[in-house]
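Everything on this sheet refers to the single structure shown next.
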């Protein structure tokens, strides 16, 4: 482009002319129009904003140099009368650079003869408080500016302190400030810093130094103050403070430096020293803070760059009163006035504050701390606080070293060495706490626990802390600590006493959720475990009940805990249980526990070794491996001499027996394992013993049950599924006392106490029927052998008077092959003696453990003397026993729940004594029964079979036996011949009578057989006597006698004929008439018989009539009288007696003919033409 041509072109000349005209117009507006338009607008704007009348004399503007002057400015106070602010002239020169900076850049600001009238109305209220609040009001954005060459001349400040009725006047104020700026730009500075004034007539003057020819345009002013009492001026702070300063003396030796850096940016720096001494702060008349001296050595403070560098900060003897109120607020958080938070836009980015302190020292500090949050109020005093910090800095990633220590009023100490980084926040160091009294901090935990701890703790650890993404990370290492004289008390009762507990080489990692301890050791401890009458154990009542709240599940991993070594020694645990019938006390002592490699990591195995003493004689040793997660263990157990007596109160209220001695011992392997949603499994293999067991009956304090040793050998038990096998159970030295008490009850019946409280039945609402549960698998039980050695059972009957006693001694034998398998049968073989002379043998097979009981037992007793049983025979039979021996052989069989038994009894020479009156004796004929049962040798051999069903609710073996014996006695009365028939094997129903043909006393063949059986029974039972009573049937026997008389008439006729014929005949009864002779002798007898009204011919001679008519007439003519019938009964009885005596085996004195008695119902069923046999004792 041709520049000269362009400039001289008509078009360019045209536009240049227009630009000059526009510029002249703008200058004219600026010079002549704007001052007049601006003046009322500015007056109104200030008046409306601050609610105070404002007047301006004139405003002049120079648009060429961008300057303005305001003359005679006057602002009155709110009352419109009192002066507030006025000045003669304000001159402002703005640089054109302001347009490009986007903020005012003032090259010069001159204020001439300003007058400011300030009044303090109340403690923190001024006449300009609203103006100050408006100026300090947060802005949505940062206000940028650059003020240069500031000059105030001939100023006046009038301060009216109305609360104290004083006036403060600052006159002849002259102030020069090279610049104030927050922009990276500074105009040319030509003023030297200056402060000159008169305060209440006293002149002060601070004159700066300038270096006008230096490239930095540096100006400095010295600020030296000596012993300035700051407290006097705290009342003039416009803000409302929540504290008061009663003393604070300021000394400074500072240099304020105004300069320009190499980038032509303004800087304002401060350097030198300053100190505050005798600082006293209070809040509501309570001392808050006291510092002997606070001093700083300021290397450089860049006030615009916000970079503060100190070589030293010293705080000497600070004394702080720190209080936290019931709302959790610290008193120091309430010192500054609070202002409502206002939502604002994000502030413009500003330089971050950088603070660097080479050396910080806080010495001889103390803190009084009162915390009102806990109850009671917590109070402590921290003394001898010393903090030394090297190379403090707020710069990122800058480490600093801290050394701190203190003591407490309870002689606890803290020392800490830390390397700290503020940005990002991180710390690493070593912490040590000593002599911490736990009870002193009770207010903080007394709401969390229900006991009072006491003890002295020490702790030392290396720690690493960081804050990453607002998540704290903490790791402790080389953690060592101990507690001495640890005690827990509850309601003045000791729960726990531990002389010493130590932790070594511990680590805690918050990020990994892990705790690792190298070693835990503790010794000399005493733990008191108590259960009250309600069954509550004291250690379950250590924390208060809190309502449970549902918590959202978290994904944070579970914590893991690991302990390399654990050692516990010389501990004791006392257990007292008041819930039993009488208090139970179990004392364990000399407890020693060691464990290694403990961890909650899944499937980690821990080695365990435990030893302890139980009461006076017991010892327990446990060692092996356990897995804490999920819990399982394989442990070797050895227990010796554990006394049973101390735990007796647990069953004393249920039994009428007192255990006086007994020790439990065991040795084996115990395996435990827990499973998710499955029952815990328990396995045990080993041996167990109960030795020296003894117990007494509470009623008479006599021995009840005791033994020398009960040994279970080779036990193998499993809980899932249930299984128990024992190789051998041996019982040696058994002694048992079986007693029938005066009330007739066995002592074993009273072992278990019965409750006197009647059972009440209430009708409950119908409940939902639960779902059927799967059938539980029965336990598998196997016992190879049960052995009994030298057993002794002592029997005493106090119900009988006089008392009876017997001893079952030398009990030996056992059971082999006992099993719950249905197909198995255990063999039983037991023998012993009764009163050291009767031999008892029991043998057979049994399976009591299967679901279907099987029993096949044979028990034999021989040579048992009966005379000692006289008390029983006298009471129940009414006779004593002179002599006799008993033997029995009983066989019991149970199969398919059906019982069949054979009771074979042998009574040898049983001889009863004299009759004894006893109200309880049976009225049944005991002697008769014995006579029936005894053979000719005086022995009784009898079988008593019984049978029954185990499913019968009335089933009782004893009841069945008693029933059989009673039936036997009843049978002796009602059916003695049935009893003899049973013994002889004959027809019992036929032995009680002997029937005869009608009208006859002749014994037929059947009768002879019957009498032969009866004769044998009588011969074998010499104690029996027999009564014979004849009977007749009036009708049939009368006809029979009539027929016999008729036949005799015929026999008499034949006798006569035989005599004629010379035949010798003894008796007509021996004659027999043949059938061909019958008519002959009938006619002869008819002829000889004097029958009235015989048929005759012509009334003279007998008429020949048919034989039948002859018989009829002859029979009708024969008369049978009652004497004839009575004579027949005697003949019949005599005939039976003569036959029985015929053999000579029966003494005639044992058989009697008696008169028949009234028939029984059973006898009424028999034929009347008979003799009755009645048995009795002889």
Only one of 256, 291 is part of a strand (DSSP E or B), over 30 Å from residue 194 (Cβ atoms), at pLDDT 80 or above and in contact with a strand residue (DSSP E or B) (Cβ under 9 Å, 6 or more places away or on another chain), namely 291
Those residues of the stretch 1168-1178 which are over 24 Å from residue 924 (Cβ atoms) and modelled with pLDDT under 85 amount to 1168
By residue number, the members of the stretch 699-712 that are farther than 18 Å from residue 811 by Cα and crowded, with 16+ Cβ neighbours inside 10 Å are 712
So the strands (runs of 3 or more DSSP E) completely within the stretch 359-467 holding 2 or more residues that are within 30 Å of residue 326 (Cβ to Cβ) are 378-393, 399-408, 426-437
**Flag for residue 499 being part of a strand (DSSP E or B), touching a helix residue (DSSP H, G or I) at 6+ places or on another chain (Cβ under 8 Å), surrounded by 14 or more Cβ atoms within 10 Å (Cβ to Cβ) and free of Cβ contacts under 8 Å to residues at least 40 places away in the same chain** = no
Residue 827 meets each of (1) over 30 Å from residue 697 (Cβ atoms); (2) modelled with pLDDT under 85 with one exception, condition (2)
Reported set for the stretch 1157-1167 where residues are modelled with pLDDT of 80 or more and closer than 25 Å to residue 1016 by Cβ is 1166, 1167
Matching residues in the stretch 37-65 (in contact (Cβ under 8 Å) with a residue 60 or more places away in the chain and surrounded by 15 or more Cβ atoms within 10 Å (Cβ to Cβ)) number 1
- [ ] Take residue 1052 and decide whether it is part of a helix (DSSP H, G or I), over 30 Å from residue 1152 (Cβ atoms) and in contact with a helix residue (DSSP H, G or I) (Cβ under 6 Å, 6 or more places away or on another chain).
- [x] yes
If we ask which residues in the stretch 580-617 are buried (at least 16 other Cβ atoms within 10 Å of the Cβ) and in contact with a helix residue (DSSP H, G or I) (Cβ under 9 Å, 6 or more places away or on another chain), their number turns out to be 5
When the stretch 647-669 is checked residue by residue, the ones that are in a helix (DSSP H, G or I) and surrounded by 18 or more Cβ atoms within 10 Å (Cβ to Cβ) are 647, 652
Residues of the stretch 1051-1064 being closer than 26 Å to residue 1001 by Cβ and surrounded by 13 or more Cβ atoms within 10 Å (Cβ to Cβ), in sequence order, are 1051, 1052, 1053, 1054, 1055, 1056, 1058
Scanning the stretch 689-724 residue by residue, those over 22 Å from residue 649 (Cβ atoms) and not in a strand (DSSP E or B) turn out to be 720, 721
So the strands (runs of 3 or more DSSP E) completely within the stretch 801-893 holding 1 or more residues that are touching a residue at least 60 places away in the same chain (Cβ under 8 Å) and either over 51 Å from the mean Cα position of the chain (by Cα) or crowded, with 18+ Cβ neighbours inside 10 Å (or both) are 804-819
_Could you go through the stretch 1022-1030 and let me know if any residue there is in a helix (DSSP H, G or I) and modelled with pLDDT under 85._
no
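The values are calculated or read from the model by the stated rules, or taken from the named source; none is laboratory data. None of the values given here were measured: they were computed from a predicted structure. For neighbour counting, all protein chains shown are included, and Cβ atoms are generated from backbone atoms with ideal geometry for every residue, glycine included.
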